[in-house]
Amino acid sequence: MKALLPRIEIALSQIRHNARMLSELYGQKGISLMGVSKATLGDPAIAEAMIQGGVKFIADSRLENIEKMKNAGILTQFVLLRTALSQAESVIKTVDISLNTELETVKELSHYANVHHKTHQIIIMVELGDLREGILPCELSQFVKKTLDLSNIKIIGIGCNLACYGGIKPDNQNMHQLSELANAIEKEFHISLKVISGGNSANYEWYESAQKVGRINNLRLGESILLGCETVNRKVIPDLHTSAFQLIAEVIESKEKPSLPFGEISQNAFGNVPTFLDRGIRQRVIIALGRQDVLVSGLRPNNDLEILGSSSDHIVLDSKNYDLKVGSEVKFKLDYGGLLSAMTSPFIKKQFIGNSHTAV
Ligand SMILES: *Cc1c(COP(=O)(O)O)cnc(C)c1O
């Protein structure tokens, strides 16, 4: 059989395991999970594994990904994480729940919800310091008031997103603030908010240390489920798998060469003048994988390999004096950026491994 190269091997059973462990862990304090599928380009089999593991919603930032999962027959509540004014009609047609921060956009959603005789549910995102999306807390009440006047729109909750842009950690203080905002809105407008979505994979440390989680009853998790870590310190979460995704590429050259280039040094292919350390003659390996395929800094080689550099179509590695044969395969673990780029690459084939693959 001809091997698919380069390829990303995906162990669905490990993703299912991670989703199950996290659903049980967060479930202990009443927190439900949205499985975030955007890093996998909305892969239906991966979404299904998350659902089997116990997530209650599938959330994605892109309508195309959600459409793909729906067309593949995935049955769940889908949540759109990023809502654009120009897409309002497609949002109404494709999903029942979206995250929102702009009144103009919610008005447009209301308009198309009327046109299509639907009720659209929104979660209002509040700014708690990270400075990505969110309404300032002092403007939340006005926003809710105006939204309640719009027909066919139902506010089902509020949420926040931290540690994405500004690197602000979820902690007792900002989580308490979100709880208090939920209480205040319910009291002022006599409505009940059923989803208080406290954040993402960065919320693990807060959760572990918190005595009480207050009103927080939902988290949106991508990286923790897919790669098994939290995202404040990138620590592995106990008992989770960290290599559900592995990238495999082919060795196309393997030779002993000096570690210092010879000749006159000028710019390389990317406009930098590189510098090198003389480590004598080393066993060097080139693989058929490059910057056009993947974010090279997102690859995590094992201890037998070191990435020396890359160009569009080649990655040069030091193989620690081990003679890897031409035509042999090398394997990498991936960080989130590596995963995102590998899953998005048209050159990297996807292969599900293990005997527990459930077709969807
Ligand atoms: C991507 C995203 C998430 C998931 O983040 P992870 O760090 O992968 O858990 C959660 N919420 C929003 C709004 C997102 O855009």
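The values are calculated or read from the model by the stated rules, or taken from the named source; none is laboratory data. This is a predicted model, so every value here is computed, not measured. Heads up, the Cβs are rebuilt from the backbone with ideal geometry, glycines too, and the neighbour counts pull from every protein chain shown.
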Quiz item: When you look at Glu186, is it more than 15 Å from the ligand (Cβ to nearest atom), not in a loop (DSSP other than H, G, I, E, B) and not β-branched (Val, Ile, Thr), yes or no?
Solution: yes
Quiz prompt | Every residue from region 44-85 that is under 23 Å from Asn161 (Cα atoms) and small (Gly, Ala, Ser) | solution = Ala47, Gly54, Ala59, Ser61, Ala84
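Out of all the residues in region 138-155, is one or more within 30 Å of Ala45 (Cβ to Cβ), modelled with pLDDT of 95 or more and surrounded by 15 or more Cβ atoms within 10 Å (Cβ to Cβ)?
no
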Practice problem: Quick one: which residue in Glu64, Glu89, Glu108, Glu48 is farther than 20 Å from Asn218 by Cβ, within 16 Å of the ligand (Cβ to nearest atom) and either in a helix (DSSP H, G or I) or in contact (Cβ under 8 Å) with a residue 40 or more places away in the chain (or both)? | Solution: Glu64
Self-check item: The listed residue being surrounded by fewer than 20 Cβ atoms within 10 Å (Cβ to Cβ), assigned by TED's automatic domain parsing to the domain that holds Val251, more than 31 Å from the chain's Cα centre (by Cα) and of a type in the set (A, V, I, L, M, F, W, C), out of Phe276, Phe270
Solution: Phe276
Practice problem: Return yes or no: is Ser179 without any contact (Cβ under 8 Å) to a residue 24 or more places away in the chain, of a type in the set (Ser, Thr, Tyr), in the same structural domain as Gly42 (by TED's automatic domain parsing) and over 23 Å from Ile66 (Cα atoms)? | Solution: no
Self-check item: Single condition Gly30 does not satisfy, out of (1) of a type outside the set (A, V, I, L, M); (2) surrounded by fewer than 20 Cβ atoms within 10 Å (Cβ to Cβ); (3) assigned to a helix (DSSP H, G or I)
Solution: (3)
Quiz item: Within region 206-218, is there a residue that is within 30 Å of Val294 (Cα to Cα) and either crowded, with 22+ Cβ neighbours inside 10 Å or more than 10 Å from the ligand (Cβ to nearest atom) (or both)?
Solution: no
